[in-house]
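J.: Below is a structure I'd like to ask you about.
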Amino acid sequence: QVQLVESGGGLVQPGGSLRLSCAASASVSSIDAMAWYRQAPGKQRELVAVINTASNTNYVDSVKGRFTISRDNAKNMVYLQMNSLKPQDTAIYLCNARRAGESYWGQGTQVTVSS
């Protein structure tokens, strides 16, 4: 079992930045992949960014060049640095961990981009 707790969401103006954090109850170095998803009202959940144990990363096209996913194995943390935020980035952002065929989710943190 892996418990995940997200933090760092909030209200930010277009063009601003936020850093989301995900605290894991297990060693992130033992987790096959950690990812950030987002879900906007009326839309399907979308994979935003993923990082594996080798720290290889992948991003959805809409955030490439603006978002950066990273992990701190010593602190069991995963981060999502979000720059140049746009109103269409508004969503609940959820942390996900995949280990040994199981998938675990946090409860999410709200990000609202609005002037």
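The values are calculated or read from the model by the stated rules, or taken from the named source; none is laboratory data. Just so you know, these numbers come straight off a predicted model, no measurement behind them. Note: ideal-geometry Cβ built from the backbone for every residue, glycine included; neighbour counts use all protein chains shown. Heavy atoms of the whole protein, side chains included, go into the accessibility calculation; ligands, DNA and RNA do not. Shrake-Rupley method; radii C 1.70, N 1.55, O 1.52, S 1.80 Å.
J.: Limited to segment 1-14, what total is found for residues that are under 27 Å from Arg99 (Cα atoms), assigned to a loop (DSSP other than H, G, I, E, B) and open to solvent by 50 Å² or more (accessible area, probe 1.4 Å)?
T.: The initial filter retains those residues of segment 1-14 that are under 27 Å from Arg99 (Cα atoms), namely 1-9.
Okay, now just the ones that are also assigned to a loop (DSSP other than H, G, I, E, B), so 1-3, 8-9.
Filter once more, keeping what is open to solvent by 50 Å² or more (accessible area, probe 1.4 Å): 1, 3.
Total satisfying the criteria: 2.
J.: Please pick out the residue among Ser29, Ser17 that is within 17 Å of Arg99 (Cα to Cα) and surrounded by fewer than 17 Cβ atoms within 10 Å (Cβ to Cβ).
T.: Details: Ser17 fails: within 17 Å of Arg99 (Cα to Cα).
Step by step, each of Ser29, Ser17 is checked, and only Ser29 is within 17 Å of Arg99 (Cα to Cα) and surrounded by fewer than 17 Cβ atoms within 10 Å (Cβ to Cβ).
J.: I need the full set of residues from segment 48-93 which are loosely packed, with under 15 Cβ neighbours inside 10 Å, among the charged types (D, E, K, R) and touching a strand residue (DSSP E or B) at 6+ places or on another chain (Cβ under 7 Å), in order please.
T.: Listed by number, the list holds a single entry, Lys86.
J.: Could you grab me the full set of residues in segment 32-47 that are small (Gly, Ala, Ser) and open to solvent by 50 Å² or more (accessible area, probe 1.4 Å)? Outline the logic, then answer.
T.: As a first pass, look at segment 32-47 and keep what is small (Gly, Ala, Ser): 33, 35, 40, 42.
If the condition is that a residue be small (Gly, Ala, Ser) and open to solvent by 50 Å² or more (accessible area, probe 1.4 Å), then Gly42 is the only one that fits.
J.: Still on this structure, please answer the following. If I ask for residues that are among the hydroxyl-bearing types (Ser, Thr, Tyr) and either modelled with pLDDT under 95 or closer than 14 Å to Ala23 by Cβ (or both), which ones from segment 71-92 would you list?
T.: Within segment 71-92, the first condition is being among the hydroxyl-bearing types (Ser, Thr, Tyr), and the residues that meet it are 79, 84, 90.
Hit for segment 71-92 is Tyr79, nothing else.
J.: Would you pick out the residues in segment 64-88 that are within 12 Å of the chain's Cα centre (by Cα) and free of Cβ contacts under 8 Å to residues at least 40 places away in the same chain? Quick ask: steps written out before the conclusion?
T.: Let us first name the residues in segment 64-88 that are within 12 Å of the chain's Cα centre (by Cα), namely 67-71, 77-82.
Residues satisfying the conditions are Phe67, Thr68, Ile69, Ser70.
J.: What is the residue count in segment 28-42 for residues that are closer than 18 Å to Ala91 by Cβ and either out of contact with any strand residue (DSSP E or B) (no Cβ under 6 Å at 6 or more places or on another chain) or part of a loop (DSSP other than H, G, I, E, B) (or both)?
T.: Here the count works out to 3.
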